[in-house]
2 protein chains.
Amino acid sequence: MTVVRAALFQGPAQPGSIASNLNAIGRAAHSAAAAGADILVTPELSSTGYNVGQRMIEFAQPSTGETCRRVCEMAREHGIAIGCGYPESDAGAVFNSTMIAGADGHSLAHYRKTHLYGDYERSVFAPGQDLVAQFDFHGVRCGVITCYDVEFPETVRAHADAGTQWLLVPTGLMRPFEHVALHIVPARAYESQLFITYVNRCGSEHGLEFCGLSCAIAPDGGELVRAGAHEDLLIADIDTTVLDRSRAVNTHLSDRRRDLY
Amino acid sequence: MTVVRAALFQGPAQPGSIASNLNAIGRAAHSAAAAGADILVTPELSSTGYNVGQRMIEFAQPSTGETCRRVCEMAREHGIAIGCGYPESDAGAVFNSTMIAGADGHSLAHYRKTHLYGDYERSVFAPGQDLVAQFDFHGVRCGVITCYDVEFPETVRAHADAGTQWLLVPTGLMRPFEHVALHIVPARAYESQLFITYVNRCGSEHGLEFCGLSCAIAPDGGELVRAGAHEDLLIADIDTTVLDRSRAVNTHLSDRRRDLY
């Protein structure tokens, strides 16, 4: 039996105030560690906020830059892994990236969003070219995708086929797309038989209203925990015995008619 | 603008009483026609009931047999297309089939369930080998799948790519799988941008409790109509202008990263 305790930080961001946002993540890491969590997951682009226009390009840093270094320091300081979103610069391009810092202060995983959403994202980001980013964490095979990625069943299928047991999904879901958090995410967990933590922001950023509703969904489609519209720190246990029991009953992965697709 | 009015018959079946079940479908066809519906959709295996054990094999008929002939007669009599599920015998095998009879009494479409569910179905049925069955109906491109098929996103993607605008899904969903009707079906409509009518039975059959919750879901994921746990005849309008508007905003089909799947 392997159990990982996850903390999901649903917070508002100060658009463009990186120091302020990282401080809020540090406070959440402190609270999450005090609650016994092994890892803190934060929303998409949690270091910068989402709706900062073309300034996103100025905020971009390399994966060896100040933001990632600070997140690694906070992870070591609080003794908890931290997932943080940031705009990543590399070879003249900017990516919508998520880095996972281990509790020892070293990087565990890194992912560049592959499915960009809408005109704004396409105007500042280049799409990632690697669909599946994974890391092993206390005996659980974890994967990372970002926001709009989860709306494509192919993404989650690729993770299930690559052995992902728990999929971390930092997101920035806005009104009126609540049905993504309420229906799509539970459907993904069930149809591909894995845990999903969907970690959204709340509050508004220059006219965009984020809808919260962060959640942890079990492989049987059941809600382990669900936030409302406001700031929250959710705790959920990711238990591989629950996964094994669900996969024994819900045989979707082996029931696929791959000969017909 | 093209609008088709659909009637969804959520009724209990008398397991093994084909005449009684067809009579109930005839009464529903009369009511549906009176409500201005162009087509009546009934649950999976609506002619025989679902939980009849190995007798399902005895009940099997060819597609030219008495059940299909009777459904075609009722369709012509009431001036409404009818979708009816039945066990089909062909070349020594039995299939879990759905036939669509046109209002003129001729067959519009025929489909054999490709994803069989559980030990019981696999003990009596052979799986269909054609994933996509379609028909044109008053200017709407329609598709037919059955129950467990819809739990596989690949099935609905194949329909979207083949041009299906409205997917008819006769089903036999039992407790405690309500989340399929409540989450999976809306997710499918949204992610593949088409209408779905999910038509379930209600009542119990030899210990299996069917959960109702039949629904019509719009391509934006919204519920057009939703039944409770009891017998009902739902009416929903399938409007291609709604589909066009949704696809203009929800660009999932063109946003796929097919280069990465």
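The values are calculated or read from the model by the stated rules, or taken from the named source; none is laboratory data. Remember, it's a predicted structure, so these values are computed and weren't measured experimentally. Reconstructed Cβ throughout: ideal geometry from the backbone, glycine too, with neighbour counts over all protein chains shown. Heads up: the accessible areas ignore ligands, DNA and RNA and are worked out on the full protein's heavy atoms, side chains in. Shrake-Rupley method; radii C 1.70, N 1.55, O 1.52, S 1.80 Å.
With R₀ set to 30 Å, the beta-carbon distance separating B:Ser17 from B:Arg76 gives a calculated FRET efficiency near 0.80. The C-alpha atoms of the stretch B:153-232 occupy a region whose extents along the principal axes are 39, 22, 17 Å, arranged from largest to smallest.
Note on B:His30 and B:Tyr261: the model spin-label points, each 7 Å out from Cα along the C-beta direction, lie 4.6 nm apart. Positive end of the charge dipole of the stretch A:3-253 (Lys, Arg +1 and Asp, Glu -1 on Cβ, about the Cα centre): tell me which of A:Val156, A:Ala28, A:Leu8 has its Cα farthest that way. The listed residue farthest towards the positive side: A:Ala28. Think of the stretch A:67-198 as a dipole: +1 on every Lys or Arg Cβ, -1 on every Asp or Glu Cβ, centred on the Cα centre; then among A:Val180, A:Ala93, A:Ile82, A:Ile82 lies furthest on the positive end. Antiparallel as a % of all DSSP beta bridges within the protein assembly as shown, to the nearest 5? In the protein assembly as shown, DSSP labels about 70 percent of beta bridges as antiparallel. Placing unit charges on the Cβ atoms only, positive for Lys and Arg and negative for Asp and Glu, gives the protein assembly as shown a dipole magnitude near 60 debye about its Cα centre. Helix A:18-34 sits at what angle to the longest principal axis of chain A, using alpha carbons and giving 0 to 90 degrees rounded to 10? Result, in degrees: 40. When the convex hull of its Cα atoms is viewed from all sides, the protein assembly as shown shows a mean projected area of 23.4 nm². Computed over the alpha-carbon pairs of the stretch A:1-84, the distance histogram in 5 Å steps reads 3, 16, 26, 23, 17, 9, 4, 2, 0, 0 percent, short to long.
Among A:Ala91, A:Ala162, A:Ala101, the largest mean-square fluctuation in a Gaussian network model of chain A, built with springs joining Cα atoms closer than 10 Å, belongs to A:Ala91.
Can you pull the mean other chain C-beta count within 10 Å for peptide B:182-195?
Working: counts 5, 13, 8, 2, 5, 13, 5, 2, 7, 10, 1, 0, 0, 0.
The mean count of partner-chain Cβ atoms within 10 Å per residue comes to 5.
Compute the distance in nm between two label points, each set 7 Å from the Cα along the Cα-to-Cβ direction, one at A:Ala162 and one at B:Asp90. The two pseudo-label positions are separated by 4.0 nm. Using heavy atoms of the protein chains and a probe of 1.4 Å, the accessible area assigned to B:Cys68 is about 10 Å².
Rg then Dmax, both in Å and based on the Cα atoms of the stretch B:3-253: 16.3, 50.
From most to least packed by mean Cβ count within 10 Å, the peptides A:28-40, A:178-190, B:124-136 give A:178-190, A:28-40, B:124-136.
Test of understanding: what is the full-extension gain from A:Tyr120 to A:Asp136, defined as 0.36 nm times their sequence separation minus their Cα-Cα distance? Let's see the in-between values first.
Details: separation 16, 0.36 × 16 = 5.76 nm, distance 3.33 nm.
Roughly 2.4 nm would be gained on extension.
How many partner chain Cβ atoms sit within 10 Å of a residue's Cβ in peptide A:174-180, on average, as a whole number?
Working: counts 0, 0, 1, 4, 1, 9, 4.
Taking all residues of A:174-180 together, the mean is 3.
Taking a point 7 angstrom from the Cα of A:Arg69 along the C-beta vector, which residues in the stretch A:14-49 have backbone N less than 16 Å away? Hits in the stretch A:14-49 for A:Arg69 at 16 Å: A:19. At R0 = 56 Å, how high is the FRET efficiency between A:Arg175 and B:Arg55 if r is their beta carbon distance? Nearest 0.05 is fine. Taking R0 as 56 Å, the efficiency between A:Arg175 and B:Arg55 is 0.60. Here chain A is treated with +1 on each Lys and Arg Cβ and -1 on each Asp and Glu Cβ, and its dipole about the Cα centre works out to around 80 debye. Quick one: net charge of B:Asp220's neighbours, Cβ under 11 Å, K/R +1, D/E -1? Cβ neighbours under 11 Å give a net charge of +1.
Counting Cβ atoms of other protein chains within 10 Å of each residue's Cβ and taking the mean over peptide A:220-233 gives 1.
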